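Undergrad: The structure that follows is given in the form of structure tokens.
The values are calculated or read from the model by the stated rules, or taken from the named source; none is laboratory data. In this text the structure is predicted, and so the values were computed from the model without any measurement. Here Cβ is always computed from backbone atoms with ideal geometry, including for glycine, and neighbour counts include all displayed protein chains.
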Amino acid sequence: MNRCLATLLLIFTTCALKAQVVDFSKLPLLQGETLKDNKGAAINAHGAGILFHNGVYYLYGEIKKGKTWLVPGQSWEDYRVPAGGISCYSSRDLVSWKYEGIALAPSTGNGSSDIDTGRVIERPKVIYNAVTKQFVMWMHIDTRDYAFARAGVAVSNSPTGPFVYRGSIRPNGQMARDMTVFKDDDGKAYLIYSSENNATMQVCLLSTDYLSPTTRYSRILVNRSREAPAMFKYGKKYFLITSACTGWSPNQATYAVAERPLGPWKEFGNPCRGTDADKTFYAQSTYVLPVDAAKGQYLFLADKWNKLDLERSTYTWLPLQMTADGPVIPAKLRASAPLR
């Protein structure tokens, strides 16, 4: 092969890897349904996030497996299963998913470990650091009574793991529960989390290696008691979808808008439309994936929790379209594409 042809092939391959080739009109739509991998097994990835890297989508989520039980002495329905770690699946089209294994394995029988099966490991989100060449996972780490309220971080040289757990922290001494991570176009990354006993949400700039919080943070949605954050960018504005704090029970989502990740943020109404929109279609937000951001096309990911049998919780994946009035998430109106 001559050098010119090899160069052209390299350019073509690089462009193909970076291109978002998913047809927005053919997205797999779910509304409280089971998602299966390419071998027919139920996908177990809750509180999930998706990383798009080199032409591949990587889905990370909590492994909910085992008998559900109720933690005694709590003021809310604190249903639990043993912490199963974080799973990883890969796809090139968001339809056919391959199970890649356990990205972050829990420890067993070590009550002092943040990631022991007796603890809480929730809402993992992974971003890639182009400078360090590392994949960085942030997650909510807690004790079974939710008193720990910390953010945990793990790293890997591969998107499929294994991830090595680095420890947990209360960012700037603040509680951190339901969380997400957002990486901006300029390479800066932010940790967004429910804080102050879930009364307030906070946005914190991460260090350049994404491994620790900086002292630059903002208190947002003050006294609004919001959780389950999912942040995305459209044009020059930032959007944040959250749910109310009602435990495992569904409630109405709202969205907020800002011109900068650290705010100020202004909260607006419910982005959902159609039957059961006032309950977010009986689901709770976890992530918003850009499909074609230039056209305002995104995929809204949520969990439909089964609080009495958490292993049987299902998924809601719906299109999110940006309009002149803000983000709109309609109820599912057509059959889902085949889930192979």
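Undergrad: Report the residue count in region 105-149 for those that are within 28 Å of residue 289 (Cβ to Cβ) and either assigned to a strand (DSSP E or B) or in contact with a helix residue (DSSP H, G or I) (Cβ under 9 Å, 6 or more places away or on another chain) (or both).
TA: 19
Undergrad: Let me ask another. Against the definition (at pLDDT 95 or above and on the phi > 0 side of the Ramachandran plot), how does residue 101 come out, yes or no? Give the derivation first.
TA: Values: at pLDDT 95 or above: yes; on the phi > 0 side of the Ramachandran plot: yes.
So residue 101 fits the description; yes.
Undergrad: Can you tell me which residue in region 96-123 is surrounded by the most Cβ atoms within 10 Å (Cβ to Cβ), limited to those that are within 12 Å of residue 58 (Cα to Cα) and in contact with a Ser or Thr (Cβ under 9 Å, 6 or more places away or on another chain)? Explain how you work it out, then say what you get.
TA: We begin by selecting, within region 96-123, every residue within 12 Å of residue 58 (Cα to Cα); these are 96-101, 103.
Those left that are additionally in contact with a Ser or Thr (Cβ under 9 Å, 6 or more places away or on another chain): 97-101, 103.
Working: 97: 24, 98: 15, 99: 17, 100: 18, 101: 11, 103: 27.
My answer is 103.
Undergrad: Can you pull out the residues in region 51-87 that are touching a residue at least 60 places away in the same chain (Cβ under 8 Å) and in a loop (DSSP other than H, G, I, E, B)?
TA: 65, 66, 68, 71, 73, 74, 76, 77, 78, 81
Undergrad: Within region 132-144, take every residue that is in contact with a Phe, Trp or Tyr (Cβ under 9 Å, 6 or more places away or on another chain) and over 21 Å from residue 196 (Cβ atoms) and give me the one that is surrounded by the fewest Cβ atoms within 10 Å (Cβ to Cβ).
TA: So, considering only residues that are in contact with a Phe, Trp or Tyr (Cβ under 9 Å, 6 or more places away or on another chain) and over 21 Å from residue 196 (Cβ atoms), the one surrounded by the fewest Cβ atoms within 10 Å (Cβ to Cβ) is 132.
Undergrad: Being of a type in the set (Lys, Arg) and buried (at least 16 other Cβ atoms within 10 Å of the Cβ) is the filter; apply it to region 145-186 and report the residue that is farthest from residue 211 (Cα to Cα). Can you show your working first?
TA: Of the residues in region 145-186, the ones of a type in the set (Lys, Arg) are 150, 166, 170, 177, 183.
Restricting the remaining residues to those that are buried (at least 16 other Cβ atoms within 10 Å of the Cβ) gives 150, 177, 183.
Numbers: 150: 14, 177: 17, 183: 13 Å.
Once the filter is applied, the top-ranked residue is 177.
Undergrad: Considering 243, 225, 285, 313, which residue is out of contact with any Ser or Thr (no Cβ under 8 Å at 6 or more places or on another chain) and under 14 Å from residue 47 (Cα atoms)?
TA: 313
Undergrad: Select from region 222-242 the residues that are farther than 20 Å from residue 279 by Cα and more than 19 Å from the chain's Cα centre (by Cα) and list them in ascending order.
TA: Matches in region 222-242: 222, 223, 235, 236, 237.
Undergrad: Output the residue which, of all residues in region 208-248 that are free of Cβ contacts under 8 Å to residues at least 60 places away in the same chain, farther than 15 Å from residue 327 by Cβ and polar (S, T, N, Q), is surrounded by the most Cβ atoms within 10 Å (Cβ to Cβ).
TA: 218
Undergrad: Go through region 155-256 and tell me which strands (runs of 3 or more DSSP E), entirely inside it, have 3 or more residues that are within 25 Å of residue 106 (Cα to Cα). Working first, answer last.
TA: Details: elements: 164-169, 179-183, 189-195, 200-206, 213-220, 226-234, 237-244.
Fully inside region 155-256 and qualifying: 164-169, 179-183, 189-195, 226-234.
Undergrad: Taking region 150-180 as the region of interest, how many residues are closer than 22 Å to residue 248 by Cα and out of contact with any helix residue (DSSP H, G or I) (no Cβ under 7 Å at 6 or more places or on another chain)? Explain how you work it out, then say what you get.
TA: Residues of region 150-180 closer than 22 Å to residue 248 by Cα: 150-151, 175-180.
Next, from what is left, pick out any that are out of contact with any helix residue (DSSP H, G or I) (no Cβ under 7 Å at 6 or more places or on another chain): 150, 175-180.
Counting residues in region 150-180 that are closer than 22 Å to residue 248 by Cα and out of contact with any helix residue (DSSP H, G or I) (no Cβ under 7 Å at 6 or more places or on another chain) gives 7.
Undergrad: Could you please find all residues in region 244-264 being among the hydroxyl-bearing types (Ser, Thr, Tyr) and more than 17 Å from residue 78 (Cβ to Cβ)? First the steps, then the outcome.
TA: Taking region 244-264 as the starting set, the residues that turn out to be among the hydroxyl-bearing types (Ser, Thr, Tyr) are 246, 249, 254-255.
Those that are among the hydroxyl-bearing types (Ser, Thr, Tyr) and more than 17 Å from residue 78 (Cβ to Cβ): 254, 255.
Okay, residues lined up against (1) surrounded by 14 or more Cβ atoms within 10 Å (Cβ to Cβ); (2) under 15 Å from the mean Cα position of the chain (by Cα); (3) within 16 Å of residue 309 (Cβ to Cβ):
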{"residue": "39", "(1), (2), (3)": "no, no, no"}
{"residue": "47", "(1), (2), (3)": "yes, yes, no"}
{"residue": "54", "(1), (2), (3)": "no, no, no"}
{"residue": "57", "(1), (2), (3)": "yes, yes, no"}
{"residue": "63", "(1), (2), (3)": "yes, yes, yes"}
{"residue": "67", "(1), (2), (3)": "no, no, yes"}
{"residue": "80", "(1), (2), (3)": "yes, no, yes"}
{"residue": "88", "(1), (2), (3)": "yes, yes, no"}
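Undergrad: Sticking with this one: Scan 252, 284 and give me the residue that is of a type outside the set (A, V, I, L, M, F, W, C), within 16 Å of the chain's Cα centre (by Cα), within 22 Å of residue 179 (Cα to Cα) and modelled with pLDDT of 95 or more.
TA: Values: 252 fails: within 16 Å of the chain's Cα centre (by Cα).
So the residue among 252, 284 that is of a type outside the set (A, V, I, L, M, F, W, C), within 16 Å of the chain's Cα centre (by Cα), within 22 Å of residue 179 (Cα to Cα) and modelled with pLDDT of 95 or more is 284.
Undergrad: Somewhere in region 151-161, is a residue more than 19 Å from residue 226 (Cβ to Cβ), under 17 Å from the mean Cα position of the chain (by Cα), of a type in the set (Ser, Thr, Tyr) and at pLDDT 95 or above?
TA: Yes, region 151-161 contains at least one residue that is more than 19 Å from residue 226 (Cβ to Cβ), under 17 Å from the mean Cα position of the chain (by Cα), of a type in the set (Ser, Thr, Tyr) and at pLDDT 95 or above.
Undergrad: Name the one entry in 332, 307 that is in a loop (DSSP other than H, G, I, E, B), farther than 29 Å from residue 80 by Cα and in contact (Cβ under 8 Å) with a residue 12 or more places away in the chain. Show your work before the answer.
TA: Values: 307 fails: farther than 29 Å from residue 80 by Cα.
Just one listed residue meets the conditions, 332.
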